[in-house]
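*Asks:* Quick one: structure below, then a few questions.
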Ligand SMILES: Nc1ncnc2c1ncn2[C@@H]1O[C@H](COP(=O)(O)OP(=O)(O)O)[C@@H](O)[C@H]1O
Ligand SMILES: [Mg+2]
């Protein structure tokens with residue numbers, strides 16, 4: 001795992017939106033994105049923008065999966081799973097939710113990935129969000145494969 005980009009200043013929501021839209025077409029079936037950061041850091045906003053871009057439906061309802069823990073979407077090329085594991089009490093629940101089976105098959109966007117313990121795929125792309133007094137920030141880390149794949153997005 002090494003630094004791919006950041007900290008990137010996401011000065012307002014339009015910056016998060018633009019980055020999510022740029023990233024969306026580069027994702028493939030089996031990719032996992034781990035979205036970390038405190039409450040209010042901008043994880044769900046980014047996930048929602050990415051899901052809308054990837055489904056091609058700007059009006060797609062993307063409720064926060066705070067209580068359902070997972071929410072899935074049909075999209076070209078791969079199903080998308082949006083997960084919010086804040087309320088997960090035991091990583092074993094991931095099996096009941098079917099997330100273990102979705103990892104490696106769907107595009108998985110996972111908020112609060114620390115709750116997964118060692119079920120988090122080591123080859124995942126990590127997006128660490130932070131809300132600072134001077135604005136929202138994002139740091140991306142991942143392996144060399146991600147670095148190569150994101151080159152066209154990040155320049
Ligand atoms: N880049 C940004 N700049 C300013 N505000 C943002 C940005 N990204 C998200 N927000 C806003 O911050 C608030 C919290 O975002 P949210 O995605 O719900 O956080 P989280 O899921 O991390 O708890 C929302 O009102 C959202 O619209
Ligand atoms: Mg959230």
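Each value in this text was obtained by applying a stated rule to the coordinates, not by laboratory testing. Note that the coordinates shown come from a computational prediction; the quantities given were computed from them, not determined experimentally.
*Asks:* Over the chain, with a Gaussian network built from C-alpha contacts below 10 Å, which listed residue (23, 127, 34) shows the highest mean-square fluctuation?
*Replies:* The residue with the greatest mean-square fluctuation here is 23.
*Asks:* Next up: Give the value in nm², to one decimal: projected area of the alpha carbon convex hull of segment 56-136, averaged over all directions.
*Replies:* Details: hull surface 27.0 nm².
Taking the Cα atoms of segment 56-136, their convex hull projects to 6.8 nm² on average.
*Asks:* Once the Cα atoms of helix 144-154 and of the chain are each reduced to a long axis, what angle between those two axes, in degrees from 0 to 90 to the nearest 10, is obtained?
*Replies:* 50
*Asks:* Sticking with this one: Given the -39500 (n - 2.57) contribution per DSSP H run of 4+ residues, what per-residue ellipticity at 222 nm results for the chain, rounded to the nearest 500 deg cm²/dmol? Don't skip to the answer; put the middle values down first.
*Replies:* Numbers: 5 runs with 44 residues, N = 155.
Mean residue ellipticity at 222 nm (helix-derived): -8000 deg cm²/dmol.
*Asks:* Another question about this same structure. Roughly how tilted is helix 43-55, in degrees to the nearest 10 and between 0 and 90, from the longest Cα axis of the chain?
*Replies:* Between the helix axis and the principal axis of the chain, the angle is about 90 degrees.
*Asks:* Same structure, new question: I want the antiparallel fraction of DSSP beta bridges within segment 2-150, as a percent rounded to 5.
*Replies:* Here the antiparallel bridges make up roughly 55 percent for segment 2-150.
*Asks:* Can you give the Rg and Dmax of segment 2-150 based on its C-alpha atoms, in angstrom?
*Replies:* Just the Cα atoms of segment 2-150 yield Rg and Dmax of 14.2, 41 Å.
*Asks:* Over segment 1-152, calculate the relative contact order: mean separation of alpha carbon pairs under 8 Å at least 6 apart, over the residue count, as a percent.
*Replies:* For segment 1-152, the relative contact order is 38 percent.
*Asks:* With axes computed from alpha carbons, what is the tilt in degrees of helix 13-23 against the longest principal axis of the chain, rounded to the nearest 10 within 0 to 90?
*Replies:* For 13-23 against the chain, the angle is about 70 degrees.
*Asks:* Rank 68, 141, 55 by mean-square fluctuation in a GNM of the chain with C-alpha springs under 10 angstrom and give only the top-ranked residue.
*Replies:* For the chain, modelled as a Gaussian network with Cα springs under 10 Å, the answer is 68.
*Asks:* Given the options 84, 118, 100, state which has the largest fluctuation in a GNM of the chain using a 10 Å cut-off (strictly under) for Cα springs.
*Replies:* 118
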